[in-house]
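Peer 1: Before anything else, here's the structure in question.
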Amino acid sequence: MTVISLLGFAGLCLMLALIPGPDTFLVLRIAMSRARAGIAAAAGSATGALLWAALVGLGLAAIVEQSAEVFRWLKIAGGLYLLYLGVSSFLKARRAAREGVAVEGRPPLRYSCRAAYGSGLLSTLLNPKVGLFYLAVVPQFIPHGGNTLGMAMVLGLTLAAIGFLYLAAIAVVAFKVVQWLRRPKVNTVIERTSSGILAVLGVGVMASGASS
């Protein structure tokens, strides 16, 4: 593989990373309470991408492409897992609020780095679109007669590295924004601004009603 081909693949991976998907929203959800946990989730997602690359290199992922039934069940499994994440997070938040665990200025729900890593890993492994991306794109960058597994892993490492850096940046930014919004002065400004806007809208509605 030439350097130009590798750079082309890296650009394609960057475009893929910029499109919001389940991994992006998962990292955002986890990073709101802890930046390190968000980065761990990004690392789990990157690991999942490498495992998909290995499957393609070994030829095992071809089963997903050839069997609509396998793809359908894998897609259902991924959807069920995401549903489980959403429901469990909602129930944990309700339980924490009911038990009085939440403290003002602190997030009520926190993820350990291990749990966050596992969530990111499973989210990527159970996302058939990642496997289909490898199946459709990676073979085009593997030279004929070359080391299929080796080249697939190089490409997978490229995708994983770009995805990890992007998701890790998302995690850090999300955590910083949440911390900034929790500052008392910021909350005061937001409350006063929103109150002023509502008051102005209310006056406008009353004026409109009086003139009609």
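The rows are residues; the columns are (1) surrounded by fewer than 20 Cβ atoms within 10 Å (Cβ to Cβ); (2) at pLDDT 90 or above; (3) out of contact with any helix residue (DSSP H, G or I) (no Cβ under 8 Å at 6 or more places or on another chain); (4) within 21 Å of Leu14 (Cα to Cα).
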position: Gly118; (1), (2), (3), (4): yes, yes, no, no
position: Gly145; (1), (2), (3), (4): yes, no, yes, no
position: Ala152; (1), (2), (3), (4): no, no, no, yes
position: Leu157; (1), (2), (3), (4): yes, yes, no, yes
position: Leu167; (1), (2), (3), (4): no, yes, no, yes
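Peer 1: How many residues, within the stretch 17-35, are over 21 Å from Arg110 (Cβ atoms), more than 8 Å from the chain's Cα centre (by Cα) and in contact (Cβ under 8 Å) with a residue 60 or more places away in the chain?
Peer 2: 2
Peer 1: Separate question: Limited to the stretch 42-89, what total is found for residues that are farther than 18 Å from Thr124 by Cβ, in a helix (DSSP H, G or I), modelled with pLDDT of 70 or more and not charged (D, E, K, R)?
Peer 2: 3
Peer 1: Within the stretch 20-37, does at least one residue satisfy the condition of being touching a Cys at 6+ places or on another chain (Cβ under 9 Å), hydrophobic (A, V, I, L, M, F, W, C) and either modelled with pLDDT under 85 or in a helix (DSSP H, G or I) (or both)? If you could, list the steps in order and put the result at the bottom.
Peer 2: Going residue by residue through the stretch 20-37, those that are touching a Cys at 6+ places or on another chain (Cβ under 9 Å) are 34, 36-37.
Filter once more, keeping what is hydrophobic (A, V, I, L, M, F, W, C): 37.
If we keep only those that are either modelled with pLDDT under 85 or in a helix (DSSP H, G or I) (or both) as well, we get 37.
Checked the stretch 20-37: at least one residue is touching a Cys at 6+ places or on another chain (Cβ under 9 Å), hydrophobic (A, V, I, L, M, F, W, C) and either modelled with pLDDT under 85 or in a helix (DSSP H, G or I) (or both).
Peer 1: Inside the stretch 36-60, can you point out the residues that are β-branched (Val, Ile, Thr) and under 15 Å from the mean Cα position of the chain (by Cα)? Walk me through how you get there before you give the answer.
Peer 2: Here is the first cut: in the stretch 36-60, the ones β-branched (Val, Ile, Thr) are 39, 47, 56.
The answer is Ile39, Thr47.
The values are calculated or read from the model by the stated rules, or taken from the named source; none is laboratory data. Quick caveat, the model's predicted, so the values are computed rather than measured. Note that we place each Cβ from the backbone using ideal geometry, even for glycine, and neighbour counts take in every protein chain shown.
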